[in-house]
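The values are calculated or read from the model by the stated rules, or taken from the named source; none is laboratory data. Bear in mind that the values here come from a model prediction, so they are computed numbers and not experimental data. For neighbour counting, all protein chains shown are included, and Cβ atoms are generated from backbone atoms with ideal geometry for every residue, glycine included. These accessible areas exclude ligands, DNA and RNA; they are computed on the full protein's heavy atoms, side chains included. Shrake-Rupley method; radii C 1.70, N 1.55, O 1.52, S 1.80 Å.
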Amino acid sequence: MGEIVSGWGCSGGREEIPVPATLEEAVAVQEELRQWVRLDPLGRNVRYIAGADAAYDRDTVFGAAVLMDFPGLRRIGSAVVKEPVRFPYLPGLLAFREGPVLLRAVAGLGTRPDFVIFNGHGFAHPRRIGLASHLGVLLDLPVFGVADRPMIGVVGAPGPERGSTSSLRDGDEVIGMAVRTKEGVRPVYVSAGHRIDLATSVKFALSTACSYRIPEPLRQAHLLSRAASRGQSG
DNA sequence: GCGACAG
DNA sequence: ATCTTGTCGC
């Protein structure tokens, strides 16, 4: 029997990501979605890219997505949405907490980008289905994740110069990469999400992070959601 | 059993 | 994620 961890809400059942009632159920959803994840090289010319992130204000989640052209990196669109928090933060199950708002934010762009960057991990997850992979499958779009720190695995420090990398390994397999996007600044951790491979993900993480440590679409989405959560104009 | 554990 | 000002350093 599945033990009920807690009352995680009673949605009307019309979300892109149904709210699991138990831990077992959430993991079962991940194992199902995992079968659809494909990490192949990106086979298309990149013109439009997006970044999405979430911020909180008590029991409300704000999701923001920013659309930019590439390689110009000019902002050509954005969307901000909010909704009540329906799932707790549980390491390994982040997609169930932030997925709904993030999907709505990306949809709000009104344009399907060539790929999306999410704040968190993709393949570098205990079950190989982190938030980025999870949402990539639901969006059926190429996506990769960029995180502040690894969740699992061991990694060495990349060289101090921008562009240096160091493999994030879980046993024998490379699950992600520590990437120095800015000289002398701590690295970000990149992992493929869906319909893109690690090397290509790293390439784009670097080509979209010029002045700052965080890839521009993600950085701006972060600022947008943050501003919204604090009731500002953005 | 103990510690770790994206945001 | 979030609570929070100034401050040290390149």
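Side notes on the structure shown:
- Residue satisfying condition, being within 16 Å of DNA strand C (Cβ to nearest atom) and not β-branched (Val, Ile, Thr), within set A:Asp69, A:Asp53, A:Asp40: A:Asp53
- Residues located in region A:132-166, provided they are assigned to a loop (DSSP other than H, G, I, E, B), away from DNA strand C (no atom under 16 Å from the Cβ) and open to solvent by 30 Å² or more (accessible area, probe 1.4 Å): A:Asp140, A:Ile152, A:Gly153, A:Gly156, A:Ala157, A:Gly163
- Total residues in region A:56-109, condition out of contact with any strand residue (DSSP E or B) (no Cβ under 9 Å at 6 or more places or on another chain) and open to solvent by 70 Å² or more (accessible area, probe 1.4 Å): 4
- Scanning region A:193-228 for residues that are small (Gly, Ala, Ser) and open to solvent by less than 10 Å² (accessible area, probe 1.4 Å) gives A:Gly193, A:Ser201, A:Ala205, A:Ala209, A:Ala221, A:Ser225.
- Checking each residue in region A:110-131 for being over 17 Å from A:Leu67 (Cα atoms) and surrounded by 24 or more Cβ atoms within 10 Å (Cβ to Cβ) picks out A:Gly120, A:His121, A:Gly122, A:Phe123, A:Ala124, A:His125, A:Ile129, A:Gly130, A:Leu131.
- Within the span defined as region A:169-192, one or more residues are among the β-branched types (Val, Ile, Thr) and surrounded by fewer than 21 Cβ atoms within 10 Å (Cβ to Cβ).
- Exclusive hit being at pLDDT 95 or above, away from DNA strand B (no atom under 11 Å from the Cβ) and within 28 Å of A:Pro18 (Cα to Cα), set A:Ile175, A:Ile129: A:Ile175
- Every listed requirement among (1) touching a Gly at 6+ places or on another chain (Cβ under 9 Å); (2) open to solvent by 40 Å² or more (accessible area, probe 1.4 Å); (3) not acidic (Asp, Glu) is met by A:Gly231 save one, (1).
- Of the residues making up region A:48-106, those that are aromatic (Phe, Trp, Tyr) and more than 15 Å from DNA strand B (Cβ to nearest atom) number 2.
- Residue that is among the aliphatic types (A, V, I, L, M) and more than 16 Å from DNA strand C (Cβ to nearest atom), where the choices are A:Leu223, A:Leu206: A:Leu206
- Filtering region A:154-193 to residues that are touching a Phe, Trp or Tyr at 6+ places or on another chain (Cβ under 8 Å) and touching a residue at least 40 places away in the same chain (Cβ under 8 Å) leaves A:Leu168, A:Ile175, A:Gly176, A:Val190, A:Ser191, A:Ala192, A:Gly193.
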